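Before any comments, here is the structure.
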Amino acid sequence: MNTMKRAGLAIVLAAGAVGLAQAHHAVNSQFNANITTPFRGVLEKTYIGNPHCYLYFARSMPDGQVQHWTFETDAVLALKRAGLSVRENFKIGDSYAITYNPSLDGSHAGLMTAIKLQDGRIISMSTKVQQDTAKGILEQEKNLLNGVDSGQPASSPQAGQQQGG
């Protein structure tokens, strides 16, 4: 391949990489990574794709109203590495307890940090922090998830230690 073709190919690849980098966002631009909050709801639907997956939940409120919530997760491969099978672990109509970082815009949305599955396993999405810190966060999330009171989200006093990613 001659030099001009190589230079042209390099420019095209570099421009494509810049576009992909700009399309992805930092967690802190959308979510408050300093707060980890529990949530319980019924899974309504899923969007499984890249760069992120989305889980859509309904939660009945004490006044009879139904809130609809959206939680962003990692990509499919990251979910797999965390031990989740989209087809086997996310069943529409089942109730799940999760922890999440709330959306900065105040909407009913967040970034999922852990989920308690129907079989009792708790899967942490906090794989991007150091191993010791991740273990501590998982223990904190287990306590939050095991104590989740439906319809009563609460902040974790130690959640400020968590880093988003």
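The values are calculated or read from the model by the stated rules, or taken from the named source; none is laboratory data. Worth saying up front: this structure is predicted, and the values here are computed from it rather than measured. A quick note on method: Cβ atoms are made from the backbone with ideal geometry, for glycine too, and the neighbour counts reach across all protein chains shown.
When only residues in the range 89-104 that are outside any strand (DSSP E or B) and touching a residue at least 40 places away in the same chain (Cβ under 8 Å) count, which is nearest to ARG121 (Cα to Cα)? By that ranking, first place goes to PHE90.
Of the strands (runs of 3 or more DSSP E) contained entirely in the range 25-88, those carrying at least 1 residues that are within 15 Å of TYR100 (Cα to Cα) and either among the acidic types (Asp, Glu) or at pLDDT below 85 (or both) fall at 66-72. Restricting attention to the range 112-146, and to residues there that are modelled with pLDDT under 70 and assigned to a loop (DSSP other than H, G, I, E, B), which single residue is nearest to the chain's Cα centre (by Cα)? Here the answer is SER126. Among residues of the range 62-80 being more than 22 Å from LEU104 (Cα to Cα) and more than 12 Å from the chain's Cα centre (by Cα), the one that is surrounded by the most Cβ atoms within 10 Å (Cβ to Cβ) is LYS80.
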